[in-house]
Each structure stands twice: as structure tokens, then as C-alpha cells.
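> The following block contains the structure, expressed as C-alpha cells.
Quick note: the coordinates plus some simple rules give every number you see, no bench work behind them. This structure is a prediction, so every number in the text was calculated from the model and none was measured. Here the Cβ is made from the backbone with ideal geometry for all residues, glycine too, and neighbour counts use every protein chain on show.
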Amino acid sequence: MTVRLRAADARAAITAAEQALLAYQEGEEWAYGTWAQIRTGMAHAYLLLHELDAASAALAPVLAQPPALRLATVVTRIAELGRLLTQARYRGDPLARSLRDQIDEYQMGKQATRILEGGVGDRASDA
């Protein structure tokens, strides 16, 4: 997914993210940080396509996680999305503004931590 994002191939990045999320649904060993990075990458790809509704939906479960699960790497990636939303193409868009506000709130309460991967997270939050 990350390689596809760097190549600006947003559709392929979304497909890779969907495959990764499906693997979790089928029983892949749970790792909260990886799950959050997948959803954040998916949101990034949707932003590249100017699909704000889909980006918001992809990111919502991550933004809803409690501060104790806000890993520094995830907070950094989400901050990148906030910067994307400041681009001229999003000015005046109420959904972009709402998503930036949600990202700001997430960052203000970040209490970013370095939780070890494995066993942390709530599969139900991915539904």
C-alpha cells in the first residue's frame, strides 16, 4: 500500500488496504499499529482521489480510539493527512474542515505512546 501511495497509484493503494483489512477479518494476527496504519493509508489514498467521504470513513475508527492507543507513528501519519487537507483544493469544503478538526482533536489528546505490536486493539472497531 505504501509503495502504491508513493507512486501516486491511489486505486492500487486502496485495493492493497482492502486486502490487508480482509486478512484481519479472516484471522490474521492482530496488531493495532499495523491496522491503524492501513486505515490511515487508505484515507490518504482517498484524499488523493478527492473522495472526502471515503477518506473520512476510512479514518473514523482510528480517530475514535482512546488516547492510550495513539501510537507516535500513527499520530505522525494522521498529521500528514491534516496537512493534505490544508491544500487549496479543500478550502471551503465543509467535510474537509470537519475532518481537519477531528484530526486536530485527535492530536491534542494524543498522549502518543510506544505500545508494542500484538494483542492491542479492538477488532470490533474495524467493523
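> Normalising by the residue count of the chain, find the relative contact order in percent from Cα pairs under 8 Å and 6+ residues apart.
Taking the mean separation of contacting Cα pairs over the length of the chain, I get 29 percent.
> Where the only charges are on Cβ atoms (+1 Lys, Arg; -1 Asp, Glu), what is the dipole of the chain about its Cα centre, to the nearest 20 debye?
Its charge dipole is roughly 520 debye.
> First select every other residue whose beta carbon is under 14 angstrom from the beta carbon of residue 98; then total the charges, Lys and Arg +1, Asp and Glu -1.
Within the 14 Å Cβ shell, the charges total -2.
> Please quote Rg/Rh for segment 47-97 to two decimal places, taking the Kirkwood radius as Rh and restricting both calculations to Cα atoms.
Reported Rg/Rh, Kirkwood definition of Rh: 0.99.
> How would you order 69-78, 41-50 from highest to lowest mean count of nearby Cβ atoms within 10 Å?
41-50, 69-78
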